[in-house]
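Q: This structure is in structure tokens; I'll ask about it shortly.
Please treat every number below as a calculation from the coordinates, not as lab data. Keep in mind the model is a prediction, meaning the values are calculated, not measured.
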Amino acid sequence: MDDTAETRRIATAYVDALEERDWDRLATLLAEDVVYEMPQTRERIRGRDTYVRFNVEYPGDWHLRVRRVVADGRHAALRLDVRVGDDGQDACVWLEVGDQGRIARITDYWPEAYEPPAGREHLVERW
């Protein structure tokens, strides 16, 4: 399998693991030193365990559905339908797969900038 096909598979598996709340599977897809960023809130999370915990603790009944995946080599862009209760919005996620075949960098883009909800300060750094 070439890099692009493998990156596409990893990107889809990443969203599936999140949607299914399969935290062990999610962890296997991430590099130990993964970096997760949300430019709209200026938040950054470093490390696999912290990122998994962030998702475990994320409030609400959220759901993800892939609308589109574009992959090129070790990079993928995903357009997601994100739902929390009755509210829905589109999000774009950029993934970079590292040398070990695990996700090394994740950048989530949301439609509008917003202040992050309280309660996750112990997991993130602001820039």
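Q: Given the convex hull of the Cα atoms of the chain, what is a quarter of its surface area in nm²? All intermediate terms of the calculation are to be shown ahead of the outcome.
A: Values: hull surface 29.5 nm².
The orientation-averaged projected area of the Cα hull of the chain comes to 7.4 nm².
Q: Still on this model: What is the distance in Å between the Cα centres of segment 35-78 and segment 83-98?
A: Rounded to whole Å, the Cα centres lie 7 Å apart.
Q: Would segment 59-123 count as rounded, prolate or oblate if I go by the C-alpha gyration tensor, calling it rounded below 1.5 in a/c and otherwise prolate when a/b exceeds b/c, oblate otherwise?
A: It is oblate, given that a/c is not under 1.5 and a/b is not larger than b/c.
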